[in-house]
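The values are calculated or read from the model by the stated rules, or taken from the named source; none is laboratory data. Since we're looking at a predicted model, the values are computed, not measured. We place every Cβ from the backbone using ideal geometry, glycine too, and count neighbours over all the protein chains shown. Each accessible area value is taken on the protein alone, full model and side chains, heavy atoms only, with ligands, DNA and RNA left out. Shrake-Rupley method; radii C 1.70, N 1.55, O 1.52, S 1.80 Å.
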Amino acid sequence: MRFGRHVVSRSPRAAISRSPSSGIPRGTVVRRRAFLGFVTCLGLALAAIAPAAAGPLTQGPLVQVSGTSAFLGCTADAAASQSGTVYLNSEVEPWIDVNPTNPSNVVGIWQQDRWSNGGARGLVAGVSNNGGSSWQQVPIPGISLCSGGDYQRSTDPWISFGPNGTLYQLALSFNDVAPPFLPADFDHALLASRSTDGGLTWSAPVVVRRDTDANVFNDKQTITADPTAANLVYAVWDRLVFPSSEAASVRASFRTSAFRGPVWFARSTNGGVSWEPARQLYDPGQNDQTIGNQIVVLPNGTLVNLFAEFNNENTGKLRGWTVRVLRSTDKGVSWSGPILVDRLQTIGVTDPDTGDDVRTGDIIPDVAVDPASGRLYAVWQDARFGGGEFDSIAFSQSLDGGLSWSTPIKVNQTPTNLPAGNQQAFTASVHVSANGTVGVSYYDFRNNTPAPATLETDHFLVHCHPTTPTACATAANWGDEVRVTTSSFNMRQAPDAGGFFTGDYEGLDNIGTAFTPFFSQPHGTDPSSAFFRRVG
């Protein structure tokens, strides 16, 4: 979850690893600025590219999806006696998917009532059966005390529709960790469930992986239903293994370097009814870790897992963060070694006026595949385009199934005549619409005013029409940016979870040729709420 992201040090000035969606450090502390600088990458010949300027997009209404917390009356989790601060009526870290058998059926999911020190009181799905015009809230049952389960908290919401319309979710559930430490403090599990009616009802959760060892933590999981095989579903995550000296306190582990952070994987071959034993796919080595694992499936059935890796050692002159992929051509039975996409040179995000941390998707890359062409697209936060002074949104593409990647370009359209702090762009998502258009969403501070009590923030979407296979690898072919928010919101109102927090990731999908940004923002008196808009 970085606890909620296991951690790279949340301080944008230090790169450590993060923990449970709460966003907490994990790797040996290394100044992020030391990672800046370009690395030689496989490039694509882009010399004579035909113009591919993006055409205009239109927007539907901005729709508030979440409302009053579904857990407002819950007393089962004894929230008052847990450590940390709970932000009631906060909805953060939303994800979204559209039913391939019924595009009117759109489902989002989010953390409900976020805790400052990790996780939320449960996960809630938003279900629409009219293309996003209206929504109803459905708590995911059996994953937290407030939803009838055994754990105090849940985090890292993720959903995926299968080609037959079955919907899957995967939650990380755990307990608050505070002295005096009890065995239950270290009990945590990845819990999967399925819905056959478009998200309105859900099966009892099935354990994908459970651990009670104080020295391990399974984190930042995602779930992917195979669009080419209805019964195959994949789960992938990083598994943090802490030094034995940390046995006395998982909480201490969340704030120190991870001893190891390998990629772990599990597979269901019967549509999520049961899961094969979880296993390790890749170990980056001692004092190194992975995070942000996410599997996409190419049209030919090849699996591609994109992730970020942190290296404390300067092996191959790649100390610091990189973006990499693993590939499987046999539905997850065997996997390639890691393939380098490029460096991930984030320095993190802060309030331009106060220097306070803003917790973003700085070490969580995103990936999308064009289901027609098989082209792969990846985005992440990177400071290389701003001379190491602020994060922008980096974009790279692969035309050969992830074997090689284009030189990263900047795609966010944040004005460059602003102070460096207001040029910060963050928490990027990428997706492909039905006609092959590539869309990237992100937040930035371009409308921020120099007042310490407010941090005016907006959500945007920019796109590219790939008129040639390499067109979107050129920055000039990205344009027609759309402001998804109708007015700026105050990021300082968001839950403070190692920084002002709306999520380590935000949702982006499509209904036909329209993109469907699904994102969190503070509004009114609420710390944050989930919003939806059609753009296309």
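Annotation for ALA475 and ASP330: the two label points, set 7 Å from Cα along the Cα-Cβ direction, are 4.4 nm apart. When +1 charges are put on Lys and Arg Cβ atoms and -1 charges on Asp and Glu Cβ atoms, the dipole computed for the chain relative to its Cα centre reaches about 720 debye. Using the average count of surrounding beta-carbon atoms within 10 Å as a protection proxy, the listed peptides 319-326, 151-158, 162-169 rank, highest first, as 151-158, 319-326, 162-169.
Computed extension gain for ASP197 through THR354, at 0.36 nm per residue and net of the alpha carbon distance, reaches 51.8 nm. Cα centroid separation, the range 111-155 to the range 212-232: 18 Å. For the chain, the solvent-accessible area works out to 31 Å² per residue, with a probe of 1.4 Å and every protein chain left in place. Helix content alone sets the calculated 222 nm mean residue ellipticity of the chain: runs of n ≥ 4 DSSP H residues at -39500 (n - 2.57) each, divided across all residues, give 0 deg cm²/dmol.
For the range 324-480, with all protein chains in place and a probe radius of 1.4 Å, 54% of the accessible heavy-atom surface sits on carbon or sulfur.
Checking (1) 26.7, 91; (2) 38.5, 126; (3) 20.7, 66 against Rg and Dmax of the Cα atoms in Å calculated from these atoms, the matching label is (3). Ordering of 478-489, 179-190, 105-116 by packing is 105-116, 478-489, 179-190, highest average first (other Cβ atoms within 10 Å, averaged per residue). As a length-normalised measure over Cα pairs under 8 Å and 6 or more apart, the relative contact order of the chain settles at 16 percent.
Shape summary of the range 435-536, radius of gyration then Dmax from alpha carbon positions: 15.2, 47 Å.
If R0 is 51 Å, what FRET efficiency do you get for SER104 and GLN286 from their C-beta distance, rounded to 0.05? Efficiency at R0 = 51 Å is approximately 0.55. Look at where the Cα atoms of the range 486-502 and of the range 59-103 average out, and the two centres are 15 Å apart.
Projecting the Cα positions of ILE347, GLY162, ASN312 onto the charge dipole of the chain (unit charges on Cβ atoms of Lys, Arg, Asp and Glu, taken about the Cα centre) puts ASN312 furthest along the positive direction.
Each label was represented as a point 7 Å from its Cα along the Cα-to-Cβ direction; for ARG210 and THR68 these points are 3.5 nm apart. On the range 58-103, 55 percent of the accessible area sits on carbon and sulfur atoms, based on a 1.4 Å probe.
Order 79-89, 441-451 from most to least packed using the mean count of other Cβ atoms within 10 Å.
Peptide ranking by packing, descending: 441-451, 79-89.
Under the convention that each Lys and Arg Cβ holds +1 and each Asp and Glu Cβ holds -1, the size of the dipole of the range 190-236 around its Cα centre is about 20 debye.
Model label points for ASN231 and GLU389, set 7 angstrom from Cα along the Cα-to-Cβ axis, are 5.9 nm apart.
Measuring between their Cα centroids, the range 382-440 and the range 290-366 lie 14 Å from each other.
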